[in-house]
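We did not get these values from a lab; they are worked out from the coordinates using the rules stated. Given the structure is predicted, the values throughout are model-derived calculations rather than measurements. All Cβ positions, even for glycine, are placed from backbone atoms using ideal geometry, and neighbour counts span all protein chains on display.
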Amino acid sequence: MFVAVEGCAHGELDQIYRSVENLARQRNVKVDLLICCGDFQAVRNENDLQCMAVPDKFRHICTFYKYYSGELKAPILTIFIGGNHEASNYLQELAYGGWVAPNIYYLGYAGVVRFGGIRIAGISGIFKGHDYLKGHFERPPYTNSTMRSAYHVRSLEVFRLKQLKNDIDIFISHDWPRGIYNYADTSELLHWKPFFRNEIANNVLGSQAGEILLHELKPKYWFSAHLHCRFAATVQHNEQQLTEFLALDKCLPRRQYLELIEIPHDSTKNLELCYDPQWIAILQSTNHLLSVRPCTQYMPSGGPGCTERWDFHPTEEEIEKVNSVFGNDYKIPSNFVATVEAFKPRPNYNRNAYQSQPQLNPQTTQFCEKLGIDDPLEKLIGKPIVLTTPVVNPDEIELDDEEEDSFDDHSNEVVAIESNDLFFVDTKPQKRNKMSLPQPQNKTLDEDPQCAEKEQVNLIRVPSYATMNEKQQWVHYYNGPETPVNVICDQFSKYAGGKLPLVSVALVQGKALGGGAELATACDFRLFTEKGEIGFVQGRMGVVTGWGGGTRLVQLLGQHRALELLLTSRQIPASEAMALGIANGITKSAELSEAVEETKQWLQLKLSHAPQIIHALKQIVATARAVSYEESLQNERKVFAMLWGGDANKKALEQNIKHK
Ligand SMILES: [Zn+2]
Ligand SMILES: [Zn+2]
């Protein structure tokens, strides 16, 4: 059987599957299995992205979500372990392994499976001595520290794997077993990675846990990644047993990240993924050793004074028990179900995404019930946990306003009953602020002259995400003070400061007075016809501005001019509006339908960038006005990070557009 081995995946599934296909075609072989050695980045949506320990510039959604949502299907059965850049919250749901997407199987903190008779074992994460003896105490939402320690290897998993003894065909670890460089010529390695020299000399490069397992299990093959280079070695354990070690690079052009390996297998066995009875028996017999506390816990060693069991190599009886549970059918059920909403490519992505509360995964729940073992996550968070997937109405426009920032404070979302940390009630769905704007009207003015007569302000909306592809423009007509304009203004003030996630322009063709004036200030731009007038006449009516028009006027004109206009309630003609800076232009034609056309063209000139870029720019500008300088800088960095290396960026780089 041909197995494709990939180093670090770093979310590049599309590219990896393409590379496997190419390699298979070149060699004219059929590949039955793909093994990824960590940094898989099973990121389902923006919330998962916040749970991944990675510098902001690498915080990309990448491609996994397409396989999660069902948009794409993994063309080859894929097995992976976790590395140090993962959606740790998602992997934590599958402590004993499970399908992260159809045909993509995660091995768990540690795991053993069989495929066509081949026995594959693996351990997730990287080794850090200071966390090695702790329990799995981390839970989302993570702190900066637990987001990292969550993927550090624990002694429980190493202890369990050691019980397997021999007969492992393939072992997978993310970081290299320490000392592996002593089994091959390191000159080439040091040529590429000279900074490893000291670590190798001091024998501190790689995982101590890996080193123990390598010499204990003596697998036929050992695959790793993490150090982002290719390195091969052969470990001769004794006369009969040797391990072929292979580390591969990460998925990047011209790197050695993928290799095909032919592994003899039992051709009478079906090529389907199965549980390993011995491993199951070990999970059962060591369940009592599972800890979810941050304190040190030693595994039973059998040393002097040790009265408890310390050798968990499965007995025949234990295997019998497993057989009776599984009825000798060890095939891993295809029981993947999506439990959160997958990312949808959209320009107004949620830049304020927050880490979700932990969620139990039905695959793990089923598995644990069947085996009578504990789900570490359930031990941490208790049961039941009620979480509902927010259903997104595509007609809704998502608001990215400060209210979402308050998600940092989770006190309103989760109420711990009796503060025993066991039961949680999620009250989140109501928190998310969404607003439905009226459906676009397809009627044009020509078709509806009646409407035109009453017209005071035309609001021309350019593509929102719903119409982005068509690059259509939406035209709305609002019919005067007694009709929806009040409601609309009210809703607009929620978007205060031009937060509408699209570029908007108001065409002031007649008299925009009171509410009309407030609405006009809510748009990014204002064009006037010659007949256009704007007046903040509220004072004359015995009231004041109430839909944010006063605030926005100050932002627009400064304190003194704004106050003057509000105090005098005078009606400003187009020419003065232009001079003051309220108007961004005056149309050539005063006739409405022509003015609308002109306005569309005027707007079109500002929409040459990719939609997601327009939205991102809009977000930066809108945020800058609404928050502190520091916050705005932070937001800008975040928006930038989301786009850096994205499709639009790649395209522009390919075309070398910067200096054109
Ligand atoms: Zn790594
Ligand atoms: Zn990596």
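Neighbour counts of C-beta atoms inside 10 Å place 229, 306 in the sequence 306, 229, starting with the fewest.
How do 578, 541 line up, fewest other C-beta atoms within 10 Å first?
Working: 578 18, 541 10.
Sorted ascending by nearby Cβ count, the order is 541, 578.
Checking the Cα-Cα distances for 606/638; 193/250; 321/370; 73/344 against a 18 Å cut-off, the pairs over it are 606/638. Close amide H pairs (under 5 Å, H built 1.01 Å from N) link residue 42 with 87, residues at least 5 positions away or on another chain.
Here the spin labels are modelled as points 7 Å beyond Cα on the Cα-Cβ line, and at residue 191 and residue 244 they lie 2.3 nm apart. For the range 203-246, which GluC sites (Glu not before Pro) are in a loop by DSSP, counting at most 13 other Cβ atoms within 10 Å? In loop regions of the range 203-246 (DSSP not H, G, I, E or B), the sparsely surrounded GluC sites (Glu not before Pro) are 239.
Counting only DSSP beta bridges whose two residues both lie in the range 68-152, roughly 70 percent are antiparallel.
Go through 103-111, 592-600, 141-149 and give me the packing order, highest mean Cβ count within 10 Å leading.
So the order, starting with the most tightly packed, is 103-111, 592-600, 141-149.
Take each peptide in 114-124, 86-96, 292-302, count the other Cβ atoms within 10 Å of every residue, and average; sorted highest first, the result is 86-96, 114-124, 292-302. Modelled spin labels at residue 323 and residue 637, positioned 7 Å past Cα toward Cβ, are 6.0 nm from each other. Computed from the Cβ-Cβ distance with R0 of 45 Å, the FRET efficiency linking residue 530 to residue 56 stands at 0.40. First check a/c for the range 91-242, with a ≥ b ≥ c the square roots of the eigenvalues of its C-alpha gyration tensor; if it is under 1.5, answer rounded, and if not, answer prolate when a/b is larger than b/c or oblate otherwise. Oblate, since a/c reaches 1.5 and b/c is not below a/b.
Each of 152, 85 was scored by other Cβ atoms within 10 Å of its Cβ. Listed from fewest to most, they are 152, 85. Put simply, the Cα atoms of the range 170-265 extend 34, 32, 21 Å along their principal axes, the longest span coming first. Remark: the Cα gyration tensor places the range 2-326 in the rounded category, a/c being less than 1.5. A Förster radius of 51 Å, combined with the Cβ-Cβ distance separating residue 650 from residue 580, puts the computed FRET efficiency at roughly 0.75. Mean sequence separation of contacting Cα pairs (under 8 Å, at least six apart), scaled by the length of the range 56-176, corresponds to a relative contact order of 25 percent. Rounded to the nearest 0.05, what FRET efficiency do residue 271 and residue 71 have when you use their Cβ-Cβ distance and R0 = 22 Å? According to the calculation, E is roughly 0.30.
Treating the range 611-654 as a set of equal point scatterers at the Cα positions, no solvent, please give the Debye-formula log₁₀ I(q)/I(0) at q = 0.16, 0.17, 0.25, 0.27 Å⁻¹. Log-scaled intensity ratios, in q order: -0.43, -0.48, -0.83, -0.90.
The stretch between residue 590 and residue 627 holds 9.5 nm of extra length on full extension. This uses 0.36 nm per residue minus the Cα-Cα distance.
With a ≥ b ≥ c the root eigenvalues of the C-alpha gyration tensor of the range 506-660, is it rounded (a/c under 1.5), prolate (a/b larger than b/c) or oblate? Because a/c hits 1.5 or more and a/b fails to exceed b/c, the range 506-660 counts as oblate.
A cut-off of 5 Å between modelled amide H atoms, ignoring neighbours fewer than 5 places along the same chain, links residue 119 with 169, 170. With the simple model of a label 7 Å out from the Cα in the direction of the Cβ, residue 301 to residue 540 spans 9.0 nm.
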